[in-house]
1. Consider Arg610 against the criteria (1) farther than 21 Å from Gly571 by Cα; (2) surrounded by fewer than 24 Cβ atoms within 10 Å (Cβ to Cβ); (3) under 14 Å from the mean Cα position of the chain (by Cα): it satisfies all of them except one. Which criterion is unmet?
2. If you go through the range 133-152 one residue at a time, how many are under 28 Å from Gln451 (Cβ atoms) and either free of Cβ contacts under 8 Å to residues at least 24 places away in the same chain or open to solvent by 40 Å² or more (accessible area, probe 1.4 Å) (or both)?
3. Kindly evaluate Ser120 against the criterion of being open to solvent by 30 Å² or more (accessible area, probe 1.4 Å) and either in contact with a Pro (Cβ under 8 Å, 6 or more places away or on another chain) or within 22 Å of Cys402 (Cβ to Cβ) (or both).
4. Whether any residue in the range 650-659 is in contact (Cβ under 8 Å) with a residue 60 or more places away in the chain, closer than 30 Å to Arg569 by Cβ and not aliphatic (A, V, I, L, M) is what I want to check.
5. For a quick check of your reading: which strands (runs of 3 or more DSSP E) sit entirely within the range 640-716 and have at least 2 residues that are farther than 18 Å from Leu601 by Cβ?
6. Kindly indicate the residue of the range 229-249 that is within 37 Å of the chain's Cα centre (by Cα) and over 16 Å from Ala202 (Cα atoms) and also least open to solvent (accessible area, probe 1.4 Å) among those meeting that condition.
7. Out of the residues in the range 675-697 that are over 22 Å from Ala658 (Cβ atoms) and of a type outside the set (Ser, Thr, Tyr), which is surrounded by the fewest Cβ atoms within 10 Å (Cβ to Cβ)?
8. Within the range 711-731, is even one residue open to solvent by less than 20 Å² (accessible area, probe 1.4 Å) and of a type in the set (Asp, Glu)?
Amino acid sequence: MLSALPLQNWRFRPTGPPAGPAAVTAAFAEGAELAAHVPGNVHDDLLAHGLIEDPYLGRNEIEAAWIGRQDWRYSAVLPDLPDRPAAHSRIDLVADGLDTWARLALDGHEVARTLDQHRSYRWDVTGLARSGAELTVDFESVYAAAARVEAALGTYPAAYDEPFQYVRKMASNFGWDWGPTVVTAGVWRDLRLELWDTARLAQVRPRAQLDSPAGQVGSVLVEVAWERVPELADQPLRVAAVLLDPAGRTVARAERTTGLSQLQLTLEAGPVQRWWPHDLGGQPLYRVEVELSLGSRRLDAWSGRIGFRHVALVAEPDSIGRSFGFQVAGRPVFARGFNWIPGDLLVTRLKPEDYRDRLADAKAAGANLIRIWGGGLFESDAFYQACDELGLMVWQDCLFACAAYPESDDLAAQIEAETRDNVIRLMPHPSLVLWNGCNENIWGQQDWNWQPILGDRGWGARYYFDLLPRVMAELDPDRPYWPGSPYSGDRTVHPNHPDFGCHHSWVVWNQTAYADYADSAPRFVSEFGWCGPAAWSTLAQAVGPEHLDPSDPVLLWHYKAENGPAKLRRGLSDSFHQPADFDTWHYLTSLQQARATQFGLDHWRSSWPRCQGALVWQLNDCWPVISWAAVDSAGLRKPVWYAIKQSFAPRLALLGSAQSGYQLKLVNNSEQTWSARPLVRRVGLDGVERAAWSDLVQVPAGQVQVIDLPLGLVAGPEPGSGLADDESLVVDAQADRIDPASRRVLARPERQLQLVAPAYRVETAPVASDRGDPASPTGTASLVRVTASSLVRDLILQADRLGGRSETGPVTLLPGESYEWLVTGLERPLEPADLAGPVLMDAATAELSARQNQG
């Protein structure tokens, strides 16, 4: 039976004179080595020995830049091996991930060289391996490696002045508009010995199939290949496969004996439990077990989970252009989702629970799809396992982003091997619903002025339109492939045309006001977003409270977006006056991120079925930063997360304006008719009701119903003039179930309103420990109750400023209404005085403060 043996006593050191600070030079004097952690990376090993500061804090990123330009050696000792290997036995050195250009040697004898972080490797070391032998892994700086590739192939344009397009390494290690430059090296996934004899399983690809898109009868086509020792090339071997249901009961068996090295087995499952995205049903997971044996002797085994589901991409020409959307069991669904970036650029820090926590945030927000962006990784197995269990569909980019990529035969061979490796690894997962070729490269080739640099050289089309779809069709024919995001589906049509295929909506954030999202309804928005700061406590810990100023250089170091501060100011100016103090700035930029993102989502949700999906850029952060993320690097949900949750609800009541007046749009993406009784009120800034409308409306499943509101409801100072500058429209989706945390408000921007300070009362009360936070050291919790005596719009409790947590976003209250927050993780119970100042802030108070600061 195949057995795996770990290597021992991992050490590391720089090769050549270290370019780092004096402490590094001293620590590695005269070729000294230090203990290393594998899997890991050189940054974390240096941190563990106190030789560098955390590159995510302050401006330490600058001081750590030398690490990526240094060559490094990792070494280990082979474990005890059998003195007398069995006949027909093999010893393989297996690397699940090496970052990136590496030379491996055993006792000085070269074993192999690697060029790709994104794949696994296997080498026969039977003749070299011995007990106690030294394995060395020499990592060349990828900057030096990339420079050689560029010298040989010429310069290729990219979005950033870093050489990520020349090496098969995680592009975002080289910095992005939301992340630092942290160029890693090391053994980033497991590296071990595997001992086997006669034969071993090389690949298992289970293809779960249904008799029809909506069918209930399932089967599994199991494609198996194995490697043999040459001496036994024709030895008959038995391959057996078993299908187990979610309860572990055997459903089907199949086996065959053959002298070949590959075969197919079919497991007839009969009626099966279907896997669904979480908003449509459950996530039953079956298990396939495969065994390879010689007679009664078991040689190798494989086990993996699968799910029976039918998810199709529909991208067809129509009267508008070309559709783009997903069908589950033959039914169209609106894809509500997020883009995913690497959860940490020092990726080996991430544990399975880290992936699950962030993905649980996505599910809790109502998302049903996650897009893994092409500047990151083919993620850890734990990522896809969590998506399988949580019912989140996965769109997986291949790893090309924002650059022209050389099309040399050597690089193409690397990319094909990388793709094959990951398709085989990931294709069993039912959550995986789409392979995508690249991020923005097809768009870039057309619009980003690459041609003067490239001339007649290829830019990556060879991969997106030939190599990748060919490999997918061979290894994963049941899953759709799309060449790029954005892409129109037709090379004669602009790749980012909103009427064709999938679209990236970035003009609004980069150039205009968020109200301009309403000017178009793309067929599928696979990227859009609006920047906002991380939670106060996250930024304070990262830069120090003394640097919490919007213009402070240390804080600005944690804002990588191009012209980011100017774009934040422009984005605020349409709604608010510019704040001068950090607390007001933090509240208003956080609120504007929430409002802008929600406005875009609401518009596209109400544009169904023309628009069939919207993916927010982005779910997560990789360090403390001002970014587009909904959840910051400390795991704190920003106000935008709560706004997204509202917009991702299956049923929405939305307010909007039209040429004829104001409209109410009722969106029903559920599976049942919605008997809605919305309540729309026109109120003054004091919250006093001036007019109201409500009615019972039947909204069929999967439809949007638009209602023109009565003119009398929205008349301003003069008939037909609309809302005055001292009033708002407030809508609650259900008149009998008012929720101040999910209602929508339509009004002129605060900077145009005749504002007065809102009036409300704050009360606090201690909470029994069993309602507190179990993870908190003390479990102390408090209840905060606010009762309004005027209109209070977008009231936000920033519990992290008090050292606690509270899971509620912006709240809008009318006179007489109350709302309660549960604040957990506190050192002591709260008093009303603790809620003063920026801890509890609303939009009117913030705008009035900004006006005062205007002088």
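The values are calculated or read from the model by the stated rules, or taken from the named source; none is laboratory data. As the structure is a computational prediction, the values presented were derived from the model and not from experiment. In this analysis, Cβ positions are derived from the backbone assuming ideal geometry, glycine residues included, and neighbour counts consider all displayed protein chains. Note: areas computed on protein heavy atoms with side chains; ligands, DNA, RNA excluded. Shrake-Rupley method; radii C 1.70, N 1.55, O 1.52, S 1.80 Å.
1. Condition not satisfied by Arg610: (3).
2. Step one: filter the range 133-152 for residues under 28 Å from Gln451 (Cβ atoms), giving 142-143, 145-152.
Pick out the ones that are also either free of Cβ contacts under 8 Å to residues at least 24 places away in the same chain or open to solvent by 40 Å² or more (accessible area, probe 1.4 Å) (or both) and you get 146-148, 150-152.
Count: 6.
3. Values: open to solvent by 30 Å² or more (accessible area, probe 1.4 Å): yes; either in contact with a Pro (Cβ under 8 Å, 6 or more places away or on another chain) or within 22 Å of Cys402 (Cβ to Cβ) (or both): no.
So Ser120 does not fit the description; no.
4. So the first thing to find is which residues in the range 650-659 are in contact (Cβ under 8 Å) with a residue 60 or more places away in the chain, and the list is 650-657.
With closer than 30 Å to Arg569 by Cβ added as a condition, the list becomes 654-657.
Applying the additional criterion that residues be not aliphatic (A, V, I, L, M) yields 656-657.
Scanning the range 650-659, I find at least one residue that is in contact (Cβ under 8 Å) with a residue 60 or more places away in the chain, closer than 30 Å to Arg569 by Cβ and not aliphatic (A, V, I, L, M), so the answer is yes.
5. Values: elements: 651-658, 661-668, 674-676, 679-684, 689-694, 697-699, 703-708.
Of the strands (runs of 3 or more DSSP E) lying wholly inside the range 640-716, those with at least 2 residues that are farther than 18 Å from Leu601 by Cβ span 661-668, 674-676, 679-684, 689-694, 697-699, 703-708.
6. Of all residues in the range 229-249, those within 37 Å of the chain's Cα centre (by Cα) come to 241-249.
If we keep only those that are over 16 Å from Ala202 (Cα atoms) too, we end up with 242-249.
On the way: Val242: 23, Leu243: 0, Leu244: 25, Asp245: 21, Pro246: 61, Ala247: 72, Gly248: 48, Arg249: 143 Å².
My answer is Leu243.
7. Step one: list which residues in the range 675-697 are over 22 Å from Ala658 (Cβ atoms), which gives 675, 677, 684-689, 696.
Cutting the leftovers down to of a type outside the set (Ser, Thr, Tyr) gives us 677, 684-689, 696.
Details: Arg677: 15, Gly684: 15, Leu685: 20, Asp686: 14, Gly687: 22, Val688: 12, Glu689: 12, Leu696: 9.
In this case the residue turns out to be Leu696.
8. Scanning the range 711-731 turns up at least one residue that is open to solvent by less than 20 Å² (accessible area, probe 1.4 Å) and of a type in the set (Asp, Glu).
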